[in-house]
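To start, the structure under review is shown below, and the notes come after it.
The values are calculated or read from the model by the stated rules, or taken from the named source; none is laboratory data. Keep in mind it's a predicted model, so treat the numbers as computed, not measured. For neighbour counting, all protein chains shown are included, and Cβ atoms are generated from backbone atoms with ideal geometry for every residue, glycine included. When the accessible area is computed, the model is the full protein with side chains, heavy atoms only, and any ligands, DNA or RNA have been set aside. Shrake-Rupley method; radii C 1.70, N 1.55, O 1.52, S 1.80 Å.
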Amino acid sequence: MTESSVRSKIRLVLLGAPASGKGTQGQTLAAELGIPKISTGDMMRAARDAGTELGKLFDGIMSQGKLVPDDLVIRLVDERLAEPDAQRGFILDGFPRTVPQAEALDQLLASRGASINAAVNIATPRELLLERATLRRTDVRTGQIYHLKYNPPPDSAQLVHRDDDREETVRKRLDAYDAMTAALVPYYEGKGLLRHVDGVGSPVEVGRRIRSALSELTDGVSPNLRGGANEG
Ligand code: AMP
């Protein structure tokens, strides 16, 4: 099998509660695989920053830690997956978040002759998630995500703290995750697509576990993906 045909098969869902490391891991993995990381949260924040009507609606919902209605999110993802770069494969971060979203995703991929080939669940204890989110910062210029305690930013970084990473909102987002998104674990398990990964540890350690969980999909794609980026 050629490298590009292996790569074209990678359509991955990253599952995990807010601050489980989905964004960081998805970003690294997508860069290594040469496929886009598609984050519905990033798309909504971009719409908010652009000041569109839809962006204002998203902002109101996000700042309360609630979920945006399924039909709006599904429409966003449908349009994004139709773009040329997503034809090579993709990593979904923060979508699907409900069972109806997962079903809609399966349907829209099936209509294009495609399907999800793995879902990685990054499992992390709630207290650690709270600490991570409240100390998380993003460099506005590079989009790089840092943690003030575990992954400190360089002095040159221009840091912002996401509004919805404030403690009270994080608690609501974790509740929404438990109420709606945790159901996706049995959904993908039932399809034989789920891989569990322990989310406790440094980004490098968790990244290594994800690569190992996906090795049969990614073997032959990139030497960096075998056994972790820092190992031969
Ligand atoms: P995230 O960056 O993935 O943590 O998403 C930030 C916020 O955007 C969430 O707390 C929700 O308000 C909203 N959001 C992002 N993705 C979705 C989704 N798939 N379904 C519903 N709401 C979403």
Here is a list: PHE58, PHE90. Which entry is over 21 Å from ASN117 (Cα atoms), within 16 Å of the ligand (Cβ to nearest atom) and of a type in the set (Phe, Trp, Tyr)?
PHE58
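Select, from ALA31, ALA50, ALA82, ALA46, the only residue that is exposed (fewer than 15 other Cβ atoms within 10 Å of the Cβ), farther than 20 Å from LEU194 by Cβ, within 12 Å of the ligand (Cβ to nearest atom) and hydrophobic (A, V, I, L, M, F, W, C). Let's see the steps before the verdict.
On the way: ALA31 fails: within 12 Å of the ligand (Cβ to nearest atom); ALA50 fails: within 12 Å of the ligand (Cβ to nearest atom); ALA82 fails: within 12 Å of the ligand (Cβ to nearest atom).
Residue meeting the stated conditions: ALA46.
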Please indicate, with yes or no, whether at least one residue in segment 108-115 is loosely packed, with under 14 Cβ neighbours inside 10 Å, in contact (Cβ under 8 Å) with a residue 60 or more places away in the chain and either within 14 Å of the ligand (Cβ to nearest atom) or of a type outside the set (Asp, Glu) (or both).
yes
Could you tell me whether any residue of segment 178-187 is under 19 Å from LEU12 (Cα atoms), of a type in the set (Phe, Trp, Tyr) and open to solvent by less than 40 Å² (accessible area, probe 1.4 Å)?
no
Which of the numbered conditions does ASP71 fail, given that it passes all the others? Conditions: (1) more than 26 Å from THR134 (Cβ to Cβ); (2) surrounded by 15 or more Cβ atoms within 10 Å (Cβ to Cβ); (3) within 12 Å of the ligand (Cβ to nearest atom).
(2)
